[in-house]
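Take a look at the structure set out below.
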Amino acid sequence: MTDAYETGRFAAVPPETVERVETADDVADVIGRMLADLRAHPGAWENHSLESFLAAAQESVTSLPWVYRNRGEEFPAEPGWRQFTEVLVMASGLE
């Protein structure tokens, strides 16, 4: 970041990759992409420390049903791997 007021970004995981997540192996692939991105660009994420990432993950879990509602989608009664992955990616960049 070059500006004192500039914020970080989300992990570089394309939305279509997250949308296709169905299995634990898919989640592991996304986590691998996130890890590679974080290693290649330390400090680029909004929440690059474990403490800020976990705080954002907590907020992401709470807000995910509202995200679905805003997209005009129904939030599943039993969230699955895709929703878990959405939380991880959201937590990387949530302000």
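The values are calculated or read from the model by the stated rules, or taken from the named source; none is laboratory data. Keep in mind that what you see is a predicted model, and the values were worked out from it rather than measured. Here the Cβ is made from the backbone with ideal geometry for all residues, glycine too, and neighbour counts use every protein chain on show. Surface accessibility is based on the protein's heavy atoms, side chains included, excluding ligands, DNA and RNA. Shrake-Rupley method; radii C 1.70, N 1.55, O 1.52, S 1.80 Å.
Where residues in the stretch 33-52 are open to solvent by less than 40 Å² (accessible area, probe 1.4 Å) and in a helix (DSSP H, G or I), which of them is nearest to T7 (Cα to Cα)? Steps first, please.
Step one: list which residues in the stretch 33-52 are open to solvent by less than 40 Å² (accessible area, probe 1.4 Å), which gives 34, 37, 43-45, 47, 52.
Now narrow it down to the ones that are in a helix (DSSP H, G or I): 34, 37, 52.
Details: M34: 18, D37: 17, S52: 13 Å.
The selected residue is S52.
Taking only the stretch 53-79 into account, find how many residues are assigned to a loop (DSSP other than H, G, I, E, B) and either surrounded by 13 or more Cβ atoms within 10 Å (Cβ to Cβ) or of a type in the set (K, R) (or both). It would help to see each step written out before you state the result.
Of the residues in the stretch 53-79, the ones assigned to a loop (DSSP other than H, G, I, E, B) are 71-79.
If we keep only those that are either surrounded by 13 or more Cβ atoms within 10 Å (Cβ to Cβ) or of a type in the set (K, R) (or both) as well, we get 71, 75, 79.
Looking only at that region, the number is 3.
Hey, does the stretch 80-90 have a residue that's within 10 Å of the chain's Cα centre (by Cα), in a loop (DSSP other than H, G, I, E, B), surrounded by 11 or more Cβ atoms within 10 Å (Cβ to Cβ) and not basic (K, R)?
The answer is no; no qualifying residue exists.
Of a type in the set (D, E, K, R) and modelled with pLDDT under 95: which single residue out of D3, D29 fits that description? Even if it seems obvious, please write down each step before you answer.
Working: D29 fails: modelled with pLDDT under 95.
Going through D3, D29 in turn, the sole match is D3.
If I go through the stretch 23-32 residue by residue, how many of them are open to solvent by less than 40 Å² (accessible area, probe 1.4 Å) and in a loop (DSSP other than H, G, I, E, B)?
Result for the stretch 23-32: 0.
Report, by residue number, each residue of the stretch 8-22 that is outside any loop (DSSP other than H, G, I, E, B), exposed (fewer than 12 other Cβ atoms within 10 Å of the Cβ) and without any contact (Cβ under 8 Å) to a residue 60 or more places away in the chain. Before you say what the answer is, go through the steps one by one.
Within the stretch 8-22, the subset outside any loop (DSSP other than H, G, I, E, B) is 9, 15-19.
Among the residues that remain, those that are also exposed (fewer than 12 other Cβ atoms within 10 Å of the Cβ) are: 15-16, 19.
Within the stretch 8-22, P15, E16 qualify.
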